[in-house]
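Undergrad: Before I ask anything, let me first share the structure, which is written out below as structure tokens.
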Amino acid sequence: MDTLRRTSGFTLIEVIVSLLVFTVGALALAASSALIAQAMGTNALRERGARIAANRMALIKSQCSAAISGSEQLRQIKSAWSVTRVDRTRITVKESVSYTSPHGDRIQIYRATLLCRE
């Protein structure tokens, strides 16, 4: 009499292979989330630098007749601007914003010609 032997469950090899696949997937997720967090940090610095530049441009425009060149450091962002008078009614502002990212030092340059209302 032939008896059919019924087995249920997984073999040891199947369990080991599935654990290996799960581990590789989990490590890939962890590595990509670290890269995303690093990119988000760099983007936050870039955005803060752009905000600093926009605020400086607005401040220079509001005090157009007394605008002078200068620099300042706010936390890890250094800002330097130069003011050049084009004529009595216009000035040119060039602002350089620099910060250190995980990929090295970054510099963003903003230029604007502003009308002075006297």
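Undergrad: With respect to the numbered conditions (1) among the hydroxyl-bearing types (S, T, Y); (2) in a strand (DSSP E or B); (3) over 30 Å from the mean Cα position of the chain (by Cα), which one is the sole condition not fulfilled by S8?
TA: Evaluating S8 over (1) among the hydroxyl-bearing types (S, T, Y); (2) in a strand (DSSP E or B); (3) over 30 Å from the mean Cα position of the chain (by Cα) leaves (2) as the failure.
Undergrad: Would you point out the residue of the stretch 56-91, among those that are surrounded by 12 or more Cβ atoms within 10 Å (Cβ to Cβ) and of a type in the set (S, T, N, Q), that is farthest from A44 (Cα to Cα)?
TA: T89
Undergrad: Can you name the residue in the stretch 106-118 that is touching a strand residue (DSSP E or B) at 6+ places or on another chain (Cβ under 7 Å) and basic (K, R) and, of all such residues, is surrounded by the fewest Cβ atoms within 10 Å (Cβ to Cβ)?
TA: Step by step, filter the stretch 106-118, then rank; the result is R111.
Undergrad: In the stretch 92-105, what residues are surrounded by fewer than 18 Cβ atoms within 10 Å (Cβ to Cβ) and of a type outside the set (K, R)? Lay out the reasoning, then the answer.
TA: If we filter the stretch 92-105 for residues that are surrounded by fewer than 18 Cβ atoms within 10 Å (Cβ to Cβ), which is where we start, we get 92, 94, 96, 98, 100-105.
Scanning the stretch 92-105 gives T92, S96, S98, T100, S101, P102, H103, G104, D105.
Undergrad: Hey, can you tell me all the residues within the stretch 67-93 that are in a strand (DSSP E or B) and more than 29 Å from the chain's Cα centre (by Cα)?
TA: Of everything in the stretch 67-93, those that are in a strand (DSSP E or B) and more than 29 Å from the chain's Cα centre (by Cα) turn out to be T84, R85, R90, I91.
Undergrad: Right, something else. Among the residues of the stretch 76-101, which ones are under 30 Å from A39 (Cβ atoms) and either among the acidic types (D, E) or free of Cβ contacts under 8 Å to residues at least 12 places away in the same chain (or both)?
TA: E95 - this is the single residue of the stretch 76-101 that is under 30 Å from A39 (Cβ atoms) and either among the acidic types (D, E) or free of Cβ contacts under 8 Å to residues at least 12 places away in the same chain (or both).
Quick note: the coordinates plus some simple rules give every number you see, no bench work behind them. Being a predicted model, the structure only gives us computed values, none of them experimental. Heads up, the Cβs are rebuilt from the backbone with ideal geometry, glycines too, and the neighbour counts pull from every protein chain shown.
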